[in-house]
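Below is one structure, written out as structure tokens, with a few remarks after it.
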Amino acid sequence: MAGYLRGRATEFLRALRLHRETGAGAAEDSVEAARALRRASRRISASLHTFQPVLDPDWSEAMRPELAWVSGTLALEHAYGARLERLLLALHRLSGAATAFPPAQEEGGAVTAPGATDRVTRTAGGPAGRPPGATDGTPDAESTARRLAPDAATARPGGSGRATATVPATGTGRLPGTPLPTGRTTVTGTAGVTRAAPATGTTVDRGHLTVGAAKAGALLDRQLTLARTRAHSTALQALRSSRFHAIADKVAVLASEVPLSPAASAADLVPLAAAARERLVDAVAALPLLTAGSPYNAEALIHGLSPDPAPHPQDAPWHQVRLLLRLHRYAREVLHAGAGADPAAERLRAAGEALDRHRDASEAAAAAAQAARTPRIAPATAYALGVLHADQRHEVEAARYAFQRAWQKDVVGTS
């Protein structure tokens, strides 16, 4: 175990040096360094928890919460970014668009996408696609919605010159056959074609749903990007704090000398690792695995309208199992550090990945529900967020099913 802890401490210091060297350099290297810091912190903290009897009690009790703070602080920025990407991809999939949302950049009131130079302007009658008094809670939601909507004017090969494409405004929806709203959107670009969207029929209704999903994406983009920016600032402040420097100094000492207890030389690590597995087995036994083993059981949708914003009432036991499974995996890593590959590593990794997807889907659903609570959003936006929330709860259900299958394989493989 001493060799395992020294190895993880060396990884921590190496990742810290890489992070300092690439702090203002390549983004990918900085992300990888932060990921390595989190990985080393989790393993050291888990080993201190599982094998505490063979370690200095005062030192381990002081180090565990500090390492958990480092891992949690550095994980927030990545979590928000991954959650936003997950939700936008889900919105694209639920909208049935043929292509992914094109990346675009907004400067002032202009929206620029790769391969085109488009300018969105608004004429008389209020903001485009929105009756007077209606809002979706975001100042730039309409421009982002128009950027994300797949009904934008397309270019015709061989065209030349500048042309305009005028489409009817869409926002809160209207019945087929009713007059168009006064607010209209004019898209001026380099495409050599002028196209007007149909005024009535099913195409208009689908346009309403598409714009609703795009507005939902704009709202989520604004909220989660703001949260990610704040998490990034918090992580930078944490890495420059005296608290983190004190942790780094202790890890540097750990890389050369592990503070063991006097009874460590005669201690057996197997019973301690077995105790970690027993705690995991007891927690898994309390889960509704029989229900989770039935596809499309819709169990994850129960309490979908709970007044508790987060976490979902039925997700807490699964999150606890995820943490206990991680402790069990890391304990087995210590036991097999010098004895070759762990035969159960792949099965445990598959079960852990299923619970990671469960956690990600649960938090994404909570983010969609939180966005739907934004005051004064348009009905189409609220509807799209509701569909997105239900979709992520179905992903929770699928992750539970995958964990049940992986756990059954682990039980059979170790019996």
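The values are calculated or read from the model by the stated rules, or taken from the named source; none is laboratory data. Computed from a predicted model, the values in this text were never measured in an experiment. Glycine gets a Cβ as well: all are built from the backbone with ideal geometry, and neighbour counts include every protein chain shown.
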Query raised in the report: Among the listed residues A231, A227, A252, which satisfies the condition of being of a type outside the set (D, E, K, R), within 24 Å of R20 (Cα to Cα) and touching an Asp or Glu at 6+ places or on another chain (Cβ under 6 Å)?
Result: A231
**Report entry** In the stretch 23-33, the residues that are surrounded by fewer than 20 Cβ atoms within 10 Å (Cβ to Cβ) and not in a loop (DSSP other than H, G, I, E, B)
**Finding:** A27, E28, D29, S30, V31, E32
Query - Matching residues, the stretch 274-290, being without any contact (Cβ under 8 Å) to a residue 40 or more places away in the chain and among the β-branched types (V, I, T) - result: V281
Query raised in the report: Which one of A276, A267, A286 is touching a helix residue (DSSP H, G or I) at 6+ places or on another chain (Cβ under 7 Å), modelled with pLDDT of 95 or more and either assigned by TED's automatic domain parsing to the domain that holds A354 or under 30 Å from H336 (Cβ atoms) (or both)?
Result: A276
Query - Flag for A9 being out of contact with any Ser or Thr (no Cβ under 7 Å at 6 or more places or on another chain) and at pLDDT 90 or above - result: yes
Query raised in the report: Across the stretch 25-74, what is the total count of residues that are farther than 22 Å from G3 by Cα and among the aromatic types (F, W, Y)?
Result: 1
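Listed here are the residues, each with its yes/no results for (1) part of a loop (DSSP other than H, G, I, E, B); (2) of a type in the set (D, E); (3) touching a residue at least 24 places away in the same chain (Cβ under 8 Å).
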site	(1), (2), (3)
R349	no, no, no
L355	no, no, yes
A367	no, no, yes
P375	yes, no, yes
T381	no, no, yes
H394	no, no, yes
R400	no, no, yes
R405	no, no, yes
Query raised in the report: When both residues are 6+ apart or on different chains and their Cβ atoms are under 7 Å apart, which pairs have a first residue that lies in the stretch 23-41 and is modelled with pLDDT of 75 or more, and a second that is part of a helix (DSSP H, G or I) and basic (K, R)?
Result: A40/R8
Report summary line: Considering only helices (runs of 4 or more DSSP H) wholly within the stretch 209-314, the ones with at least 2 residues that are surrounded by 18 or more Cβ atoms within 10 Å (Cβ to Cβ) and more than 28 Å from the chain's Cα centre (by Cα) are 242-254, 269-285
